[in-house]
Amino acid sequence: MKELEFYNTLEHRQMPFRSLVPGKVGMYTCGPTVYNFAHIGNFRAYTFEDILRRTLEYFGFEVKQVMNLTDVDDKTIRDSRKAGIPLRDFTRKYKDAFFEDIKFLNIEPAAVYPAATEHIPEMIALIQKLFDRGLAYQAEDKSVYFAIDKFPNYGKLARIDRDNQRAGVRINTDEYAKDSVADFALWKAWDENDGDVVWDSPWGKGRPGWHIECSAMSSKYLGEAFDLHTGGIDNMFPHHEDEIAQSEGASGKKWVNYWLHCEHLMVGGEKMSKSLGNFYTLRDLKAKGYTGREIRFVLIGAHYRKKLNFTFEALAQARETLQKFDDLFARLKKIDLAGDGAEVLDVIDRSDAAFADAMADDLNIAGALAVLHELMRNANRLADEGKLSQAGAEKLLDLFRKFDKICGCLAVDAARAEESFPEEIVALAEARVAARKAKNFAESDRLRDEIGKLGFSIKDLPGNTYQLKKL
Ligand code: AMP
Ligand code: ZN
């Protein structure tokens with residue numbers, strides 16, 4: 001089995017993964033800003049993180065994942081005021097929606113979901129530390145800023161040229177572009193745009209900047225140094241760069257060993273985003289009749305470091321593919337030929353190793369899905385040839401269950417589509433299986449005709465199984 005390796009943005013190379021504490025992983029994920037329903041672009045990032053976490057668990061690590069909820073920042077304040085709803089009530093609605101959505105996509109919950117508004121004292125303490133170390137200052141506008149020229153490592157993640165740094169130039173907004181690298185706000189002095197969103201601090205009334213929350217909350221739950229930090233590629237600058245400056249500035253130690261960033265979900269060549277208006281929420285797709293596992297299958301289908309273009313054709317394709325897996329699982333469950341399952345041992349060993357090797361190679365999902373397809377072909381072939389025993393079929397189902405610990409969308413044991421055939425038809429089909437087993441072929445033919453008269457066809461498959469179709 002190959003060793004687990006990830007592409008570490010910090011070092012710009014793929015490298016073996018080694019956790020600080022053997023067998024355990026601390027993982028921090030930048031979570032949603034709860035000012036709106038998350039769109040499926042956001043969910044590409046969260047499903048990537050889910051795949052990462054499930055893969056670590058697959059390889060035997062115990063993972064503690066922390067995902068923050070940004071419930072106070074420029075956007076949440078702006079939109080709650082626009083809506084005339086208190087910030088807490090406004091963000092509650094989108095927090096609830098977020099939890100519903102991750103469940104719909106079968107994303108495993110994190111261990112902790114700390115909310116920014118519940119960690120203001122921790123943020124103030126961290127800013128105080130930065131003051132004590134000479135890395136923070138209060139400007140004439142009363143806001144507190146991080147002094148990037150006092151932190152020689154500033155720019156190491158996003159590879160910012162030190163000459164482009166504009167020390168002493170300040171930026172007060174949470175989001176800004178790489179060409180406006182500047183001292184960024186740790187604590188924002190209150191102004192009328194903030195309305196009643198305000199806390200006391202040693203520097204006067206105000207509220208935290210966006211970046212400080214992740215530094216404060218990650219360290220509270222994962223310690224001053226931990227293994228993995230993830231997010232969408234657009235979070236790398238300034239957000240993650242600023243997080244590093246704050247955390248390493250305060251502790252004087254290396255903070256995070258591995259940084260993993262996922263590429264964007266695109267629509268027609270452009271990033272899916274709220275500001276461009278080219279987005280779909282999960283609710284939009286649900287309303288069109290797509291299931292969580294179909295959407296999940298599309299979102300996980302491309303390597304996380306490659307752009308993924310969202311199309312409805314891809315969703316239709318996902319539906320078709322998952323249906324084929326459903327058919328196979330139903331078929332395997334019905335096989336009742338005698339045997340010890342030795343006929344599948346070879347195929348199982350090869351698939352098991354190939355799947356793990358693909359995922360170990362920086363989460364090569366395309367390789368892993370190819371293994372699934374190949375296994376489906378092999379299973380169907382063996383069944384077609386009447387070479388698959390019940391024991392063999394069970395071994396195959398177990399392997400699919402194992403793979404689904406990472407994929408999370410195979411539904412090996414879910415009620416299947418065929419059960420949506422009318423009960424009467426299924427009963428006739430089962431009676432026909434019994435008749436054939438008893439070699440009562442006249443009865444078997446009669447049952448076939450009866451099924452036909454009711455508008456369905458039945459095809460015999462090896463292993464006393466069958467396939468029904470509506471005519
Ligand atoms: P936000 O709520 O804007 O802070 O974004 C939440 C997460 O979604 C961040 O990790 C972003 O990087 C990520 N994200 C936003 N848009 C996209 C997109 N089109 N594709 C992939 N990830 C995205
Ligand atoms: Zn963050």
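Over the stretch 6-76, accessible surface divided per residue gives 30 Å², non-protein components excluded, 1.4 Å probe. On a 0 to 90° scale, report how tilted helix 241-251 is relative to the longest principal axis of the chain, with both axes built from alpha carbons and the result rounded to the nearest 10. Roughly 70 degrees, rounded to the nearest 10. The calculated FRET efficiency for R436 paired with D327, based on their beta-carbon distance and R0 = 22 Å, is about 0.60. Along the axis of the charge dipole computed for the stretch 305-358 (Cβ charges of +1 for Lys and Arg, -1 for Asp and Glu, origin at the Cα centre), the listed residues L328, N309, A342 are led at the positive end by N309. First check a/c for the stretch 278-374, with a ≥ b ≥ c the square roots of the eigenvalues of its C-alpha gyration tensor; if it is under 1.5, answer rounded, and if not, answer prolate when a/b is larger than b/c or oblate otherwise. Oblate shape, in that a/c is at least 1.5 and b/c is the bigger or equal ratio. Using only Cα atoms, tell me the angle between helix 345-360 and the longest principal axis of the chain; keep it within 0 to 90° and round to the nearest 10. In the chain, helix 345-360 runs at an angle near 20 degrees to the longest axis.
Determine the per residue accessible area of the stretch 164-237 with all protein chains present and a 1.4 angstrom probe, expressed in square angstrom.
Accessible area per residue: 39 Å².
When the dipole is taken about the Cα centre of the stretch 259-314, and only Lys, Arg (+1) and Asp, Glu (-1) are charged at their Cβ, what size is it in debye, to the nearest 20? So the magnitude is around 160 debye. Each Lys and Arg adds +1 at its Cβ and each Asp and Glu adds -1 at its Cβ; summed about the Cα centre, the stretch 163-242 shows a dipole of about 160 debye. Shown is the FRET efficiency for N153 and E62, computed with R0 = 35 Å from the Cβ-Cβ distance and rounded to the nearest 0.05: 0.70. Across the chain, the fraction of Cα-Cα pairs farther apart than 41 Å, rounded to a whole number, is 31%.
Rounded to the nearest 500, what is the 222 nm mean residue ellipticity of the chain from helices alone, with -39500 (n - 2.57) per DSSP H run of 4+ residues and division by all residues?
Numbers: 14 runs with 204 residues, N = 471.
Rounded to the nearest 500, the figure is -14000 deg cm²/dmol.
Under the classification rounded if a/c is under 1.5, otherwise prolate if a/b is larger than b/c and oblate if not, where does the stretch 12-141 fall, given a ≥ b ≥ c as square roots of the Cα gyration tensor eigenvalues? Judged from the Cα gyration tensor, the stretch 12-141 comes out oblate (a/c at least 1.5, b/c at or above a/b).
Rolling a 1.4 angstrom probe over the protein heavy atoms, how many square angstrom per residue are accessible across the stretch 349-435? Write down the numbers at each step before the final one.
On the way: 3650 Å² over 87 residues.
On a per-residue basis, 42 Å².
Compare the Cα positions of F104, A45, V197 along the charge dipole of the chain (+1 at Cβ of Lys, Arg; -1 at Cβ of Asp, Glu; about the Cα centre) and return the one farthest towards the positive end. The Cα lying farthest towards the positive end belongs to F104.
In plain terms, the chain from K402 to K459 could stretch by 17.5 nm, reckoned as 0.36 nm per residue minus the Cα-Cα distance. Among A435, I148, S219, which residue has its Cα furthest toward the positive end of the charge dipole of the chain, with +1 on Lys/Arg Cβ and -1 on Asp/Glu Cβ? Value: A435. Assuming charge only on the beta carbon of Lys and Arg (+1) and of Asp and Glu (-1), the dipole of the chain about its Cα centre is about 580 debye to the nearest 20. As an exercise, use a Förster radius of 25 Å and the Cβ-Cβ distance of R319 and E100 to find the FRET efficiency, rounded to the nearest 0.05. It comes to 0.70. Decide, for the stretch 112-232, between rounded, prolate and oblate: order the square roots of the alpha carbon gyration tensor eigenvalues as a ≥ b ≥ c, take rounded if a/c falls under 1.5, and otherwise choose prolate if a/b is larger than b/c, else oblate. Cα axes put the stretch 112-232 in the oblate bin.
Nearest 10 degrees, 0 to 90: what angle lies between the long axis of helix 423-437 and the longest principal axis of the chain (Cα atoms)? Tilt relative to the chain: about 50 degrees.
Given a 1.4 Å probe and every protein chain left where it sits, what share in percent of the accessible area of the stretch 88-235 is carbon and sulfur? Could the numbers behind the result be given before it?
Details: 3250 of 6700 Å².
Roughly 48 percent of what the probe reaches on the stretch 88-235 is carbon or sulfur.
Here the stretch 340-470 has 52 percent of its accessible surface on carbon and sulfur atoms, given a 1.4 Å probe and all protein chains in place.
Quick check: at a probe of 1.4 Å, how many percent of the accessible area of the stretch 1-80 sits on carbon and sulfur atoms? Numbers along the way, then the final one.
Working: 1350 of 2730 Å².
Result for the stretch 1-80: 50 percent of the exposed heavy-atom area is carbon or sulfur.
Cross-linked pairs K188/K306; K150/K306; K156/K307; K188/K253: Cα-Cα separations exceed 30 Å for K188/K306; K150/K306.
The values are calculated or read from the model by the stated rules, or taken from the named source; none is laboratory data. Please read these numbers as outputs of a predicted model, since none were measured by experiment. Cβ: placed from backbone, ideal geometry, glycine included. Neighbour counts: every protein chain shown. For the accessible areas, the whole protein counts, side chains as well, though only heavy atoms, and no ligand, DNA or RNA atoms are used. Shrake-Rupley method; radii C 1.70, N 1.55, O 1.52, S 1.80 Å.
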